Amino acid sequence: MNVRVLFGILGAAAALVPMFVMRDFTVDDALISIRYAHHLATGLGYRFNVTDVPTDGVTPLPWALLLAPLARGDAQSTLVYAKILGAVAWTLASTLLGVAVARVVIAERAASHVRFVLAGGSLVVVGLAFPIGAWAVSGMETGLTTAIATTAAVAASARRATIATILAGVAAAFRPELVVWALALAIGIEVALAVSTSRDLHERSIALGKGVLRAASIASAPFVACALVRIVAFGHPAPLALLAKPSDLSHGVAYAAAAAVVVLTPMLVLLRVRFARAPIARTLLVALLVHLLVVIAVGGDWMPYARLMVPVAPSLVIAFVADLAHSSVLVGSLRVVVACGVGVVLAVKTAPAGLHVGTDRAALIARARPVLASSEVVAALDIGWVSAATDASIVDLAGLTDPRIAVLPGGHTSKRVSTAMLLDRGVDTFVAYSSPRLVELRVIDSDLFASHFVRVAEIPVRGAAYTIYRLERVYQP
């Protein structure tokens, strides 16, 4: 069998196996995008609540637009379509990644049997990095973004600069924090191409300047376009989530350090003392380092399984195999063994927590639907599942879809929302987690809340529950 075909199959397996294991994984925010997509599909516009003005509640601006053709039905059906979209995209990209790994090993004159085994081992590392598979089937944009970013790196390894630059820019349209990574990748390709030419120094400098300017313009264009659309449509260039969730550098540092371990592949390139010599390896390593700095600057993320690191993780195996020709077999073997060992431990200890999220969420929605049937305005922190359980207007206590709450002091679980504010906005139902977060605790502990709301139900969800409160004057037991 042709070695590239064999590695393509191995790449596909590295995607399919963890996706199958984590097929029931999802997160609450997936249903937020789906509500926006449903309103777009039914002609109500880019808005979270039917009766409210349009709001910028989806960080990947194009994602709801992309989902809209699939979102005419109920939220759970659309979630399945979104999961399939992510799974298909990532499987195709991972297959291309496998083919690229074989090609790079051959091109770097590292095509010994041992180095092919190590290259195959790097794809095994991708398969063991279960967060990549989990996010591909999460129903979020992460699976598609990972596929696009990985394909950009594959194109870069084949010296297809324009294709790589365009794809990197598109990835940044879906995940804004990737824009610096996209610029680093695009500029790195141009530098490598300029250095490899036979022009004299002056001609090379001119070509490099033009190439870098062109690459930076193309790579940043989708990001800039999204910012301009936001200015026109919502009055601000940045996603609403940036206001709702202020950055925290200390959390960002801890997040970036942990994420670099959880997705495994950074260990293949960072566990090396000497800087990578192969141009594509240098480019991808620099892109990784600047992305880590961006993740730190934005304060990390509150979602599980290192979401912000997942899109850049698979491409790092290209850097690893490109560097094999410039490092000893022993060093390469140690990197693969360490990454695989850590991957097995993490998979055993942390993957089980995400195995039944979708089933639990669906059961929660089904139980909540009759309880929320008569509600007109619901206040909640976890608004994704609530939005799937009711068509009522929802006051987002985190501010992710609500500009008025987003600007309040506090983080996304500690906004200074008062009971009086909720009453002013016509809230007749309040949803709180069994272990209340600060914003929920502040409301339910107030005397004003106690005098107006009555506890009407408790809806269990694996290991916890949600408590439903109704405005006493509208509650009919």
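The values are calculated or read from the model by the stated rules, or taken from the named source; none is laboratory data. Small disclaimer: the values here were computed from a predicted structure and weren't measured. Cβ: placed from backbone, ideal geometry, glycine included. Neighbour counts: every protein chain shown. Heads up: the accessible areas ignore ligands, DNA and RNA and are worked out on the full protein's heavy atoms, side chains in. Shrake-Rupley method; radii C 1.70, N 1.55, O 1.52, S 1.80 Å.
Pairs please, first residue from the stretch 42-58 and in contact (Cβ under 8 Å) with a residue 24 or more places away in the chain, second anywhere and open to solvent by 50 Å² or more (accessible area, probe 1.4 Å) and acidic (D, E), Cβ atoms under 9 Å, 6+ apart in sequence or on different chains.
From the stretch 42-58, the pairs are V50/D391.
Out of D382, D391, report the one residue that is more than 26 Å from the chain's Cα centre (by Cα) and of a type in the set (D, E, K, R).
On the way: D382 fails: more than 26 Å from the chain's Cα centre (by Cα).
Answer to the selection: D391.
For a quick check of your reading: which helices (runs of 4 or more DSSP H) sit entirely within the stretch 358-426 and have at least 2 residues that are under 16 Å from Y466 (Cα atoms)?
Numbers: elements: 383-389, 403-406, 419-424.
In the stretch 358-426, 383-389 are the helices (runs of 4 or more DSSP H) which contain 2 or more residues that are under 16 Å from Y466 (Cα atoms).
Within the stretch 227-269, which residues are open to solvent by less than 10 Å² (accessible area, probe 1.4 Å), outside any helix (DSSP H, G or I) and within 18 Å of W302 (Cβ to Cβ)?
Selection gives V263 alone.
I need the full set of residues from the stretch 348-359 which are surrounded by fewer than 18 Cβ atoms within 10 Å (Cβ to Cβ) and either in contact with a Phe, Trp or Tyr (Cβ under 6 Å, 6 or more places away or on another chain) or under 16 Å from L31 (Cβ atoms) (or both), in order please.
Kept after step one, since they are surrounded by fewer than 18 Cβ atoms within 10 Å (Cβ to Cβ), are these residues of the stretch 348-359: 348-350, 352-353, 355-356, 359.
Hit for the stretch 348-359 is T359, nothing else.
Kindly check whether there is at least one residue in the stretch 271-284 that is part of a helix (DSSP H, G or I), within 29 Å of A351 (Cβ to Cβ), open to solvent by less than 30 Å² (accessible area, probe 1.4 Å) and modelled with pLDDT of 90 or more.
Yes, because at least one residue in the stretch 271-284 is part of a helix (DSSP H, G or I), within 29 Å of A351 (Cβ to Cβ), open to solvent by less than 30 Å² (accessible area, probe 1.4 Å) and modelled with pLDDT of 90 or more.
All but one of (1) open to solvent by 40 Å² or more (accessible area, probe 1.4 Å); (2) modelled with pLDDT under 95 hold for G332; which doesn't?
(1)
Condition (residue is acidic (D, E) and open to solvent by less than 10 Å² (accessible area, probe 1.4 Å)) applied to the stretch 40-58: is it met by at least one residue?
Within the stretch 40-58, the subset acidic (D, E) is 52, 56.
Of the ones still in play, those that are also open to solvent by less than 10 Å² (accessible area, probe 1.4 Å) are 56.
Within the stretch 40-58 (the criterion being acidic (D, E) and open to solvent by less than 10 Å² (accessible area, probe 1.4 Å)), the answer is yes, since at least one residue qualifies.
For V154, indicate whether it is assigned to a helix (DSSP H, G or I), of a type outside the set (G, A, S) and crowded, with 24+ Cβ neighbours inside 10 Å.
Values: assigned to a helix (DSSP H, G or I): yes; of a type outside the set (G, A, S): yes; crowded, with 24+ Cβ neighbours inside 10 Å: yes.
Spelling it out, V154 is indeed assigned to a helix (DSSP H, G or I), of a type outside the set (G, A, S) and crowded, with 24+ Cβ neighbours inside 10 Å.
Only one of these conditions is not met by K83: (1) assigned to a helix (DSSP H, G or I); (2) more than 24 Å from L240 (Cα to Cα); (3) open to solvent by 40 Å² or more (accessible area, probe 1.4 Å). Which number is it?
Single failed check for K83: (3).
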